1. Quick one: T87, T6, fewest Cβ neighbours within 10 Å first, how do they rank?
2. Take the Cα atoms of region 44-88, find their three principal axes, and give me the spread along each one in whole Å, biggest first.
3. If neighbour count is taken as other Cβ atoms inside 10 Å, put R74, R67, R58 in order from fewest to most.
Amino acid sequence: MLVTHTTDPDAILQLADDVGVDVIQVHGVVTRQALRSVWRCRGARREANVAEAIHFVRPFGVDANSRLKDAHGRKDAAACAAFVAATY
């Protein structure tokens, strides 16, 4: 978990990426709209939980990159289609 007083949403996300955390606790004054403009759901998003995550977090985007690759590291078309279908 990252705990920060930083108020710039881009800086918050960069810091989270730099230290490799999936949870951020913000103590600075950051507007909800500013966070939504850059916010994305990361980590363990799959068909079974992506719609619920979107409903509660309302992110700008959802990172599912590693979940959609085949054994050779390439995107699996069927996995991508199933993931997108599960978002509705």
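Since every read-out is calculated from the coordinates, none of them should be taken as a lab result. Because the structure is predicted, anything quoted here is derived from the model rather than measured. Cβ coordinates were reconstructed from backbone atoms using ideal geometry, including for glycine residues, and neighbour counts include every protein chain displayed.
1. T87, T6
2. So the three principal-axis extents are 33, 15, 15 Å.
3. Lowest to highest Cβ neighbour count: R74, R58, R67.
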